[in-house]
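Below is one structure, written out as structure tokens; comments come after it.
A short reminder: the numbers here are calculations on the coordinates, not readings from a lab. None of these values were measured; they are calculated from a predicted model. All Cβ positions, glycine included, derive from the backbone under ideal geometry; neighbour counts span all protein chains shown.
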Ligand code: CP
């Protein structure tokens, strides 16, 4: 009942297994098969201490498609407002009979901290600047869907690497799967530490994007930055933003990814975001399938085996 704390802890074979099951679930969703039973009788809590549209709602749908009961917990309107600690909040919910905790928190390491206190699978739905494992899994699934493999692909991750849990999980994940990962952006937002995870660093977006198979923009994490923003959003858009000129330097069949939400006309121009190379909508769709796969593998009854 370890849970999913980060891509860092997954073996390549485990990633492959999750992707395979997710493709199976995507097919179920496509055929409108949304009343499965792998999680029948189970209850999960969506414990979100930070805002979310994609992750929270797709975890809810994923759990419901598999037959689970779902508690959607946000700090607003809860006893967190009266000072209840995270540990006491989770202990209280555990006493109600839940089977897994899905947590998003602004503090890095929170899912790992929780694991010390509860004997249930904990799924990291994004912790501070640390990891966002299900986002990386759905990104890998999206690329796999279009390219058929991840091996030897050139992946260019552009932007606010320093504050991005998405960048870190993707860097680790794509590298484990045999892709070459380049990260680029302003020097203020691209830490040398990215090399530790196998990244090739550049401060020149055009250089990083050249001949890339996949270009991934990242949201400027304004809420995690100090007061003085270097570059400003205007400067960022001008020198590091992804527009059609930049994207045309990549391979003709390049895939454009972004985890969302997008600051339009900052990280991406609307032209490329809504253009034919954009896979942003498909990423969101795949998010439901990935989360179904993760939930089934952690607490389910192995629907895949039965269906096969
Ligand atoms: N990509 C992502 O985590 O989006 P949300 O913050 O909307 O969940």
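Dividing the helix sum by the residues of the chain, where each DSSP H run of 4 or more adds -39500 (n - 2.57), gives a mean residue ellipticity at 222 nm of -11500 deg cm²/dmol. Label zone (residue 221, point 7 Å along Cα-to-C-beta; backbone nitrogen cut-off 20 Å) within region 6-30: 6-10.
Relative to the dominant Cα principal axis of the chain, helix 86-95 is inclined by about 40°.
Largest first and in whole Å, the equivalent-ellipsoid semi-axes of the chain read 32, 23, 16, each the square root of five times a Cα gyration tensor eigenvalue.
Using mean Cβ contacts within 10 Å as the protection proxy, how do 95-104, 269-278 order, highest first?
Values: 95-104: 19.7, 269-278: 15.2.
My ranking of the peptides, most packed first, is 95-104, 269-278.
Here the gap between residue 88 and residue 116, fully extended at 0.36 nm per residue and compared with their Cα-Cα distance, gives a gain of 8.8 nm. Taking the fewest neighbouring Cβ atoms within 10 Å as the starting point, the ordered list for 117, 240, 49, 25 is 117, 49, 240, 25.
DSSP assigns beta bridges within the chain; of those with both partners inside it, close to 5 percent run antiparallel. Principal semi-axes of the equivalent ellipsoid, √(5λ) from the alpha carbon gyration tensor of region 133-280, are 21, 17, 14 Å from largest down. By the count of neighbouring beta-carbon atoms within 10 Å, fewest first, 142, 85 end up ordered 85, 142. Once the chain from residue 37 to residue 17 is taken as fully extended at 0.36 nm per residue, the excess over their C-alpha distance is 5.2 nm. By the count of neighbouring beta-carbon atoms within 10 Å, fewest first, 213, 88, 139 end up ordered 88, 213, 139.
Distance from the Cα centroid of region 47-63 to that of region 1-15 is 20 Å (rounded to whole angstrom).
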